[in-house]
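Please read the structure below before turning to the comments.
Throughout, read-outs are computed from the coordinates displayed, never taken from laboratory work. Only a predicted model underlies this, so the values are computations on that prediction, with no experimental measurement involved. Cβ placement follows ideal geometry from the backbone for every residue including glycine, while neighbour counts extend to all protein chains displayed.
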Amino acid sequence: MSSDFEGYEQDFAVLTAEITSKIARVPRLPPDEKKQMVANVEKQLEEAKELLEQMDLEVRDIPPQSRGMYSNRMRSYKQEMGKLETDFRAHLLDNTERLERSSRRLEAGYQIAVETEQIGQEMLENLSHDREKIQRARERLRETDANLGKSSRVLTGMLRRIIQNRILVVVLAIILVVTILTAVTFSVRRH
């Protein structure tokens, strides 16, 4: 009986060593290989459980006085099996968490891109409005400049007329004074 048990023990040791090695490699594999490896490990875990069941049956057939040592070994194998299953789940969870974190980072990046695009759109609209305001202000400045040019020409024309009028008044005053003086001179000569 014990030789069957020891044979199962050896098979169990080889199988658990393979499972441990594969579990350690799972996180570093590319997605398609990872899926295949996970399926392979799950199959081997089932085989290990079946081996434990066979070993358990063998232990039950061992006489009670010799059973204690084998029962202790069985307990440690079952603990090892539990640890393997926990490690395997932990590695799968790690991968899922990594995927979720990457997904969250992608979503955050996308959100930032959308917000940046909206801000850029608003800035473009603001710049467009500012450009229109600047163009309107330029047009008003041109109109004002044109109006100032017209006003300047009108004022220059008015100043010219004022100067002409003053010269005319001075000329008329001189003519009037000359006329009066001539009249006075003739009148004094006659007397």
Once Lys and Arg are counted +1 and Asp and Glu -1 for all other residues with Cβ under 11 Å from that of L45, the total becomes -3
Whole-Hz Karplus ³J(HN,Hα) for the range 15-29, in order, using 6.51 cos²θ - 1.76 cosθ + 1.60 and θ = phi - 60°, x for Gly and Pro?
-> 5, 5, 5, 4, 4, 4, 4, 5, 4, 5, 7, 3, x, 8, 7
Cα-based Rg of the chain normalised by 2.2 N^0.38 Å, two decimals | 3.45
Taking the Cα centre of the chain as the origin, how large is its charge dipole in debye, to the nearest 20, when only Lys and Arg (+1) and Asp and Glu (-1) carry charge on their Cβ atoms?
-> 4020
Quick one: which of 18-27, 153-162 comes out on top by average Cβ neighbours within 10 Å, and what's the full order, highest first?
-> 18-27, 153-162
Most to least packed among 67-73, 130-136 [average Cβ atoms within 10 Å] | 67-73, 130-136
Straight distance only, please: which lysines reach the Cα of K78 with their own Cα at less than 18 Å, same-chain residues fewer than 8 apart left out?
-> K43, K49
Hits among aspartates and glutamates - C-alpha to C-alpha of K133 under 12 Å, sequence gap 8 or more where chains match = none
